[in-house]
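Note sheet for the following structure.
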Amino acid sequence: MNAKSIIKLQDLRKDFMMAGSPLHVLKGISLTIQEGEFVTIMGPSGSGKSTLLNILGCLDQASSGMYELDGEIIRNMSRNELADIRNRKIGFVFQSYNLLPRTTAVENVELPLLYNNTLTNKQIRERALEALEMVGLSDRLDHTPAQLSGGQQQRVAIARSLVNDPRVILADEATGNLDMKTSYEVMSIFQELNRHGKTIVFVTHEQEIAEFSSRTITFRDGLLIKDTNNENIQDAAVSLENYEELEEV
């Protein structure tokens with residue numbers, strides 16, 4: 001049985017106007033991501049990685065070309081339609097966590113569900129608790145971000161991305177603010193989510209992080225220059241164990 005395509009891009013282009021002249025940021029990107037893939041996107045600063053992620057996440061629209069997400073054509077959707085797609089099908093994880101500072105972990109995770117009028121308050125709380133349990137934070141429910149380490153804050157952000165049961169999780173440099181040990185912890189969570197069927201698209205500039213994914217796409221100057229299946233996928237949980245053993249020596 002063939003895997004289903006979850007993301008399809010055909011000749012996708014994005015231009016920005018700078019001082020009256022067009023700046024071509026994405027120059028005709030075509031790619032397909034299958035359901036259940038774990039894809040990393042790499043490339044130097046300014047290569048178009050984050051612009052692409054914003055389009056995939058329906059935070060921005062392409063200037064031209066085709067974007068299909070889970071069978072739906074995204075181009076020319078209204079702002080409300082894009083917001084609906086984001087709420088139903090996409091989970092976001094950011095480098096800077098983007099948590100509300102005066103809000104507890106469980107309340108931060110509940111946020112994406114507050115606009116879902118089909119759920120009761122009890123159901124919203126149950127879903128948030130379940131998501132926090134999945135990332136190993138069920139003992140930190142009432143802690144605010146200031147009471148959590150960077151790694152714990154990122155786990156809250158991952159739980160928040162999961163609470164809507166999205167079709168795709170998009171991560172933008174999600175380990176960029178973390179030390180190596182904590183990066184391994186976070187990547188082991190992403191790998192576990194992927195093993196349970198979640199499609200993950202992960203932007204990173206770190207080659208070691210890319211080795212935890214099944215496929216790496218490389219950008220340069222707005223072009224897709226390389227698309228490689230990773231033959232030797234590293235296990236983040238094993239990397240974490242090895243790191244901890246070295247720390248003890």
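Answer yes or no: is there a residue in region 38-46 that is free of Cβ contacts under 8 Å to residues at least 12 places away in the same chain, touching a strand residue (DSSP E or B) at 6+ places or on another chain (Cβ under 9 Å) and among the polar types (S, T, N, Q). No, every residue in region 38-46 fails to be free of Cβ contacts under 8 Å to residues at least 12 places away in the same chain, touching a strand residue (DSSP E or B) at 6+ places or on another chain (Cβ under 9 Å) and among the polar types (S, T, N, Q).
Considering only region 126-143, I want to know if a residue exists there that is farther than 26 Å from Arg195 by Cβ and among the polar types (S, T, N, Q). Checked region 126-143: no residue is farther than 26 Å from Arg195 by Cβ and among the polar types (S, T, N, Q).
Scanning region 24-45 for residues being touching a Leu at 6+ places or on another chain (Cβ under 8 Å), surrounded by fewer than 22 Cβ atoms within 10 Å (Cβ to Cβ) and not polar (S, T, N, Q) gives a total of 3. Listed by first and then second residue, the pairs with beta-carbon distance under 6 Å, at least 6 apart or on different chains, first residue in region 173-194 and on the phi > 0 side of the Ramachandran plot and outside any loop (DSSP other than H, G, I, E, B), second surrounded by fewer than 20 Cβ atoms within 10 Å (Cβ to Cβ) and of a type outside the set (Ser, Thr, Tyr), form an empty list.
I want to confirm something. Restricting to region 109-141 and keeping residues that are β-branched (Val, Ile, Thr) and assigned to a helix (DSSP H, G or I), which single residue is surrounded by the most Cβ atoms within 10 Å (Cβ to Cβ)? Even if it seems obvious, please write down each step before you answer.
Filtering region 109-141 down to residues β-branched (Val, Ile, Thr) leaves 109, 118, 120, 124, 135.
Applying the additional criterion that residues be assigned to a helix (DSSP H, G or I) yields 109, 124.
Working: Val109: 30, Ile124: 19.
So, considering only residues that are β-branched (Val, Ile, Thr) and assigned to a helix (DSSP H, G or I), the one surrounded by the most Cβ atoms within 10 Å (Cβ to Cβ) is Val109.
With respect to (1) over 12 Å from the mean Cα position of the chain (by Cα); (2) closer than 13 Å to Gly91 by Cβ, the lone exception for Ile158 is condition (1).
Please determine whether any residue of region 114-134 is within 19 Å of Gly57 (Cβ to Cβ) and in contact with a strand residue (DSSP E or B) (Cβ under 6 Å, 6 or more places away or on another chain). So far as region 114-134 goes, no, none of its residues is within 19 Å of Gly57 (Cβ to Cβ) and in contact with a strand residue (DSSP E or B) (Cβ under 6 Å, 6 or more places away or on another chain). Within region 142-160, identify whether any single residue is buried (at least 20 other Cβ atoms within 10 Å of the Cβ), touching a residue at least 24 places away in the same chain (Cβ under 8 Å) and not in a helix (DSSP H, G or I), and answer yes or no. Checked against the condition, which is being buried (at least 20 other Cβ atoms within 10 Å of the Cβ), touching a residue at least 24 places away in the same chain (Cβ under 8 Å) and not in a helix (DSSP H, G or I), region 142-160 yields no hits at all. Filtered by the rule that a residue be among the β-branched types (Val, Ile, Thr) and within 19 Å of the chain's Cα centre (by Cα), region 50-108 gives Thr51, Ile55, Ile74, Ile85, Ile90, Val93.
Any read-out appearing in this document is the output of simple, stated calculations on the displayed coordinates, not a laboratory observation. None of these values were measured; they are calculated from a predicted model. Neighbour counts run over all protein chains shown; Cβ positions are idealised from the backbone, glycine included.
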